[in-house]
Every structure is written in C-alpha cells, then in structure tokens.
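Please read the structure below before turning to the comments.
The values are calculated or read from the model by the stated rules, or taken from the named source; none is laboratory data. In this text the structure is predicted, and so the values were computed from the model without any measurement. All Cβ positions, even for glycine, are placed from backbone atoms using ideal geometry, and neighbour counts span all protein chains on display. The accessibility values were calculated without ligands, DNA or RNA, using every heavy atom of the protein model including side chains. Shrake-Rupley method; radii C 1.70, N 1.55, O 1.52, S 1.80 Å.
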Amino acid sequence: MLFAGLFAAIVVYPVLHEFGHILIAFLFGVKIEDVNLFSELSVVCMADNAEPIKVALIGYGGIIIPVVFEYLISFKWFVFRYISFSIKVINIIAIVNAYVSLALFVIGRPSLNNDITVIMSAYDNGLQMTVIVLIISLYFSIISFRDNNIMNDFYYFVQGNGA
C-alpha cells in the first residue's frame with residue numbers, strides 16, 4: 001500500500017492541483033502559457049495578462065479541485081480507497097501550508113514559487129487579500145475536518161482492514 005500512497009502524493013495530487021489551476025484559467029478565458037509537472041520539485045502554471053482577481057482565483061484552483069475531487073469521489077476497492085485517503089491527508093497538509101505561507105507573507109518573508117505568495121502579490125492592498133485568503137483557507141479547513149470519515153479511514157488503515 002506504500003506504493004499507492006506514493007502514487008497519490010507524487011502523481012495524483014500534483015495532477016489534480018495543476019488541473020485546478022488549468023480549469024479555473026480555462027473558465028475565465030485566460031491563456032495558459034506553460035504547465036510543467038514535476039519540474040524542479042514544483043508544479044508551474046503561468047497565465048498571460050490576467051487581471052489580479054483572476055490570478056487569485058486561478059491560484060485557489062489548486063486547492064479547490066483536489067478537495068472537490070476527494071469529497072465527490074468515493075471508492076470501495078481498497079487500493080483506490082487508500083489513494084483517496086492519501087489525497088485527503090495531502091489536502092489537509094496543503095491547507096496548513098497555505099496558512100504558513102500566508103503568515104510568512106504577512107510578516108514580510110514570502111515563500112518563493114508558492115500559490116499563496118502569487119495570490120497575495122497580485123493585489124496592492126495586502127490586508128484585503130489577507131482577509132480573503134484567510135476566509136477561503138478556513139472554509140476549506142472546515143470542509144476537510146468536518147468529514148468524520150477521515151478518522152474512520154485512519155483507523156481502518158492502521159488496523160489493516162480491507163487488505
């Protein structure tokens with residue numbers, strides 16, 4: 001099952017994350033210049049001449065789509081359920097990372113090549129964007145932790161059920 005978890009972390013989540021950026025960009029009619037998966041330990045999606053609000057929403061697509069995928073798709077087969085569980089855990093880690101990135105940006109030490117840094121840099125008024133990012137991040141945190149099945153899945157896999 002280790003390989004399924006690694007597959008989720010190395011392939012599935014990055015593809016869902018980048019697909020989120022691409023989908024939102026497509027919906028706004030923003031031209032995508034380049035999409036690179038697995039380049040220099042990061043995923044990159046560059047858009048050309050997008051308005052600041054569109055840049056922000058495209059940035060949030062990387063958080064939104066994996067969360068939506070995890071809650072809309074339900075698997076019964078053990079390997080796919082394990083991958084889904086792994087995506088859920090990765091989503092929680094990504095949200096915590098968003099909070100850390102937000103805090104670093106606010107104190108003047110932004111993370112390089114980070115979606116939250118790009119979102120926050122898109123606007124001149126950092127305070128307003130800070131509030132928006134905090135509200136959206138909190139919303140996704142509540143969605144992630146609201147589902148009691150995360151602990152059930154954790155106990156399910158720790159006990160070795162379904163293998």
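Points worth noting:
- SER137 satisfies every condition listed in (1) in a helix (DSSP H, G or I); (2) modelled with pLDDT of 70 or more except (2).
- Leading residue by the ranking (nearest to the chain's Cα centre (by Cα)) among those in segment 24-43 that are modelled with pLDDT of 85 or more and closer than 18 Å to ILE116 by Cα: ILE24
The rows are residues; the columns are (1) open to solvent by less than 50 Å² (accessible area, probe 1.4 Å); (2) of a type in the set (S, T, N, Q); (3) modelled with pLDDT under 85; (4) under 21 Å from ASN114 (Cβ atoms).
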residue	(1), (2), (3), (4)
LEU6	no, no, yes, no
LEU57	no, no, yes, yes
VAL79	yes, no, yes, no
ILE87	yes, no, yes, yes
